[in-house]
1. Rounded to the nearest 20 debye, what is the charge dipole size of segment 41-120 about its Cα centre when +1 sits on each Lys and Arg Cβ and -1 on each Asp and Glu Cβ?
2. Take T61, T261 and order them by how many other Cβ atoms sit within 10 Å, fewest up front.
3. Rounded to two decimals, what is Rg over Rh for segment 41-120 when you use alpha-carbon atoms and the Kirkwood radius?
4. Starting from the Cα-Cα distance between Y17 and C226, subtract it from 0.36 nm times their residue separation and give me the gain in nm to one decimal.
5. Using amide H atoms built in the peptide plane, which far-off residues or other-chain residues are under 5 Å from H130 H to H?
6. Between L88, T223, Q183, whose Cα lies farthest towards the positive end of the dipole of segment 73-228 when Lys and Arg beta carbons carry +1 and Asp and Glu beta carbons carry -1, centred on the Cα centre?
7. Report the one residue of L112, P98, L78 whose Cα lies farthest in the direction of the positive end of the charge dipole of segment 41-120 (charges on C-beta: Lys and Arg +1, Asp and Glu -1; origin at the Cα centre).
8. In what sequence do S69, S96, S197 fall when counting other Cβ within 10 Å, fewest first?
Amino acid sequence: MLWGQRPIDWHQLPALYPPTQIQGIYRADPQAFIVEEDLGVEPSGSGEHWWLWIEKIGLTTEEVIHRLSNTWGIKPALFGYAGKKDRLAVARQWISCPIEAKPQLGGVGVGLEILAIHRDAQKIRVGQLHGNRFQIRIDAITGLEALPERLALITRSGIPNYFGPQRFGREGQTLERVRQLSQRDPEGRRRLRHNQSMLASAARGAGFNAIVAEHLDQGTLDTVQCGAVLQRPGDLREQVVCQETLLEWSARVEARDAVLTGALFGRRCLSRHAVFAMEQGIQDADPLGRWLLGIFPYEKRRALRVWPSDLDWQVIDEALTLRFTLPKGSFATAVLKEIGAIGIDDACLDQ
């Protein structure tokens, strides 16, 4: 899998830390991967929407909504969710629906259970998410003597915020579908259907991974320079560094009060100077870059680095169980990549 001439296959992407002797394999079955959503807010208890705390196994979030839609006769567009969760996992998340629905606690067909029902005044919106809590079992684990030091390092210094390989499908098949789509419309002038929009998001993710890899190769993942774009926790506004604010933002990044970002490509860019030139070069290195400029009028920014929190672990019968929390949009596989040679069961890429 390439972006331009740069390999962005998961195993060829550069890591932040030196390799360890830790090896294992994860996700042999859904019970080995548990994810639980944290919206950062609780339902109010009153209003014209149901908030349903559901558990799904072997289903996509869209399949859950269509099943509930057919069960209650409610249009799928009237349902809400904050983020999509893995299919091959035990996933717990919030789903909202209008008060006209008649939800009840318990199972709704195979692989779906409503665990709690509350009311709220608002529909849940995409992105209305604080983070996700993961529990992952890694089998056939070896090299455990290196684990405590590596987890302490990850907690202290974070991980590159790569999009995980499940974003691109088995052997990059999703990205290849994007290339086929873009070849029919190289300038990105046609309006995309919903499923095609998902393909465009995958292409953006591939470009972003190439940006992260370039920063790691250059040793600039932490370098605050004029023209860099930063985000602060809880602040939706991006800040562009200029000469007058360089020292201030450098101190904020060191104190983890701000984080450097990379581009999800679009026509209107925020970065300037050397940062812009680097991102522009990566964008221009692949025909998908030009296509994405036609599809997206504005770029988005994504943190280059994230810090897992509440990280703990347990070993039973040569299986390692990891628990940690990540901010929204970040991938648990990016944590595993920095721990060691953790093999990914191919089934988890068929999402």
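1. Details: 9 positive and 9 negative charges, 33 e Å.
In debye, rounded to 20, segment 41-120 gives about 160.
2. T61, T261
3. The Rg/Rh ratio comes out at 0.92.
4. On the way: separation 209, 0.36 × 209 = 75.24 nm, distance 2.63 nm.
Separation in residues times 0.36 nm, less the Cα-Cα distance, equals 72.6 nm.
5. Amide H neighbours of H130, under 5 Å, 5+ apart: D38, L39, G40.
6. Q183
7. L112
8. Arranged by neighbour count, lowest to highest, S69, S96, S197 become S197, S69, S96.
Any read-out appearing in this document is the output of simple, stated calculations on the displayed coordinates, not a laboratory observation. A quick note: this is a predicted structure, and the numbers were derived from the prediction, not measured. Ideal geometry is used to build each Cβ from the backbone, glycine not excepted, and the neighbour counts take in all protein chains shown.
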